[in-house]
Amino acid sequence: MPHFTSYDATDLHHRVLGPDDSGLPPLMCLAGGPGRDAAYLGDLGGLAEQRQLLIPDSRGTGASPPAADPSGYAFPHLAEDLEALRAHLGLDRFALLAHDAAAATAQAYAAAYPDRLTRLILVCPGSRIQGELPDDAREIFTSRSDEPWWPEASAALQRLTETPDLAEAHDLLLTAAPLAYGHWEAPQQTHATAEAEQLHPVPRAAFWQGVDEPARQAILAGLREVTCPVLVVTGDRDAVTGVRAGELVAESFPDARVRTLHAVGHYPWVDEPDLFARVVEQFLHTA
């Protein structure tokens, strides 16, 4: 697996998917979680069939080693790892896609290095950087109460808030998983089965640490200087981050649009792979 040396001399790893002779610029892709192995991204609905995907393993996930200090897991430091990877690959400018919590890393990167990005795609982001936590995700979850999986998922979600032990938490995550998808069929069930083993508790817990109010405001100020086009993709059945959070994120940029996909949850490339890949490719090709 390819590796690169980051700002603190740590060797980190990244994966390369797709052809290197497509004639299209590569797309950098960041996994969320936070602290989840990037394997859950798969090939992002077939995007790797069209262009090369560059997918870093963030510290403490995949093939990358744990951080020597927990502060290395905080998303502004992960943004510096991304800059180290860009330099290692010799990319002057590049397109960046980030899912879920990795949208925070991508925003920190965009604020610090606005001239490095040609396009920015944020998939199902939360709005913690924006300082608001809309409740429409819960409304979406409640609106699906007539689906057969809902009673058990609702009970599992409640139990997860009560700090169960690790073994029980794994089982509860799978029981509650349908709330993250637009459908609960074989592809979604297969994708969800891997989640518990892909999550790493220390990187997850440290992702938001050390980011105080002045740092948050500095990121927001930097986002207003980002000139590249930004696409925020949301799903109208996303009961994890909802739709409104994506709208708030888009409002932080001068040139951003929101595309809400119908019957899609928190993992659009799993629910509607062809639609997701088409939306992303259309945006990347937009002049």
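The values are calculated or read from the model by the stated rules, or taken from the named source; none is laboratory data. Keep in mind that what you see is a predicted model, and the values were worked out from it rather than measured. Because the Cβ atoms are built from the backbone with ideal geometry, glycine has one as well, and the counts that use them run over all protein chains shown.
Of all residues in region 248-262, count the ones that are among the hydroxyl-bearing types (Ser, Thr, Tyr) and without any contact (Cβ under 8 Å) to a residue 40 or more places away in the chain.
Residues meeting the conditions: 1.
Count, please, the residues in region 251-287 that happen to be over 20 Å from Met28 (Cβ atoms), aliphatic (A, V, I, L, M) and modelled with pLDDT of 95 or more.
6
Consider Ser64 against the criteria (1) over 23 Å from Val270 (Cα atoms); (2) part of a helix (DSSP H, G or I); (3) over 17 Å from the mean Cα position of the chain (by Cα); (4) among the hydroxyl-bearing types (Ser, Thr, Tyr): it satisfies all of them except one. Which criterion is unmet?
(2)
Residue by residue, here is whether (1) in contact with a helix residue (DSSP H, G or I) (Cβ under 6 Å, 6 or more places away or on another chain); (2) free of Cβ contacts under 8 Å to residues at least 40 places away in the same chain; (3) closer than 17 Å to His200 by Cα; (4) not polar (S, T, N, Q) holds:
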position	(1), (2), (3), (4)
Ser64	no, no, yes, no
Gly72	no, no, yes, yes
Ala79	yes, yes, no, yes
Leu82	yes, no, no, yes
Ala87	no, yes, no, yes
Asp92	no, yes, no, yes
Leu97	no, no, no, yes
Asp100	no, no, yes, yes
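Going through Arg244, Arg278, Arg204 one at a time, which residue ends up being among the basic types (Lys, Arg) and in contact with an Asp or Glu (Cβ under 9 Å, 6 or more places away or on another chain)?
Going through Arg244, Arg278, Arg204 in turn, the sole match is Arg244.
Pick out the one residue from Ala87, Ala101 that is at pLDDT 95 or above, surrounded by 21 or more Cβ atoms within 10 Å (Cβ to Cβ) and of a type in the set (A, V, I, L, M).
The conditions single out Ala101.
From the list Pro34, Pro25, pick out the single residue that is surrounded by fewer than 18 Cβ atoms within 10 Å (Cβ to Cβ) and either aromatic (Phe, Trp, Tyr) or not in a strand (DSSP E or B) (or both).
Pro25
So, Asp92, is that one at pLDDT below 95, surrounded by fewer than 24 Cβ atoms within 10 Å (Cβ to Cβ) and over 26 Å from Pro268 (Cβ atoms) or not?
Here the answer is no, as Asp92 does not meet what is asked.
Quick check: is even one residue across region 6-20 surrounded by 18 or more Cβ atoms within 10 Å (Cβ to Cβ) and over 25 Å from Ala205 (Cβ atoms)?
Looking through region 6-20, at least one residue is surrounded by 18 or more Cβ atoms within 10 Å (Cβ to Cβ) and over 25 Å from Ala205 (Cβ atoms).
Considering each of Ala250, Ala256, Ala221, Ala192 in turn, give the residue that is under 17 Å from the mean Cα position of the chain (by Cα) and farther than 18 Å from Pro34 by Cα.
Only one candidate passes the filter, namely Ala250.
Quick one: in region 47-61, of everything that is under 17 Å from the mean Cα position of the chain (by Cα) and assigned to a loop (DSSP other than H, G, I, E, B), which residue is farthest from Glu281 (Cα to Cα)?
Checking each candidate, the answer is Gly60.
What's the number of the condition Trp269 fails, among (1) part of a loop (DSSP other than H, G, I, E, B); (2) aromatic (Phe, Trp, Tyr); (3) crowded, with 21+ Cβ neighbours inside 10 Å?
For Trp269, the exception is condition (1).
Specify which of the listed residues (Val280, Val264, Val249) is crowded, with 18+ Cβ neighbours inside 10 Å, assigned to a loop (DSSP other than H, G, I, E, B) and among the hydrophobic types (A, V, I, L, M, F, W, C).
Just a single option satisfies the conditions, and that option is Val264.
Within region 182-191, does at least one residue satisfy the condition of being β-branched (Val, Ile, Thr), out of contact with any His (no Cβ under 6 Å at 6 or more places or on another chain) and more than 20 Å from Asp100 (Cα to Cα)?
So far as region 182-191 goes, no, none of its residues is β-branched (Val, Ile, Thr), out of contact with any His (no Cβ under 6 Å at 6 or more places or on another chain) and more than 20 Å from Asp100 (Cα to Cα).
Can you confirm whether region 236-244 contains a residue that is among the β-branched types (Val, Ile, Thr), under 30 Å from Glu139 (Cβ atoms) and in contact with a His (Cβ under 6 Å, 6 or more places away or on another chain)?
Checking region 236-244: at least one residue is among the β-branched types (Val, Ile, Thr), under 30 Å from Glu139 (Cβ atoms) and in contact with a His (Cβ under 6 Å, 6 or more places away or on another chain).
Within region 220-246, restricting attention to residues that are among the hydrophobic types (A, V, I, L, M, F, W, C) and part of a loop (DSSP other than H, G, I, E, B), which residue is nearest to Ser145 (Cα to Cα)?
The selected residue is Ala239.
What number of residues within region 220-246 are of a type in the set (Ser, Thr, Tyr), over 13 Å from Ala103 (Cβ atoms) and surrounded by 21 or more Cβ atoms within 10 Å (Cβ to Cβ)?
Residues that pass the stated criteria total 0.
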